1. Over the chain, how many percent of alpha carbon pairs lie in each 5 Å bin up to the one with the longest distance?
2. Run the simple label-point estimate for Ala25 and Gln51 please: 7 Å along Cα→C-beta, distance reported in nm.
3. Please compute the net charge surrounding Ile109, taking Lys and Arg as +1 and Asp and Glu as -1 over other residues with Cβ under 10 Å from its Cβ.
4. Tell me what the chain gives for mean residue ellipticity at 222 nm when only DSSP H runs of n ≥ 4 count, each as -39,500 (n - 2.57), the sum divided by the residue total, rounded to 500 deg cm²/dmol.
Amino acid sequence: MDEALKAKLDEARKRMNSQQAGINANRKDDDPAMREWARGKQRLANAERAQFRNSLTDEDRSKIEERIEQLVHDHPTLSPTNAPALDSKTEPPSVSVELLDEHYFLRDILA
């Protein structure tokens, strides 16, 4: 993935994750008005995410798919086909939080 696309994705991921953290906190508030406010903010965040998806070119999407494949190749535990069944004894995957965040963000952007 070229540096310009990586920078664009990193900036978008940071911005969207920080917005989502605030929305999630307000969704759990005891005040119904705060929860309703969070629903409105969620609609705006979803629209921004959709706009970002639409701004990606086919070439960008190709590069993102290649990056996802590279991540899965380097870390097979990220592959849905290799994921163990979840139970109370399942160990978490041995990948960093940053890597998981990147992987799921990229998958979400292509969805």
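1. For the chain, the binned pair fractions read 2, 10, 17, 18, 15, 15, 13, 7, 2, 0 percent.
2. Going from the Ala25 label point to the Gln51 one covers 2.4 nm.
3. The answer is +3.
4. Calculated from helices alone, the mean residue ellipticity at 222 nm is -25000 deg cm²/dmol.
None of the figures in this text is laboratory data; all of them are computed from the coordinates on show. Note that the structure is a prediction, hence the values are computed from the model and not measured. With ideal geometry, Cβ positions are generated from the backbone for all residues, glycine too; neighbour counts draw on all protein chains shown.
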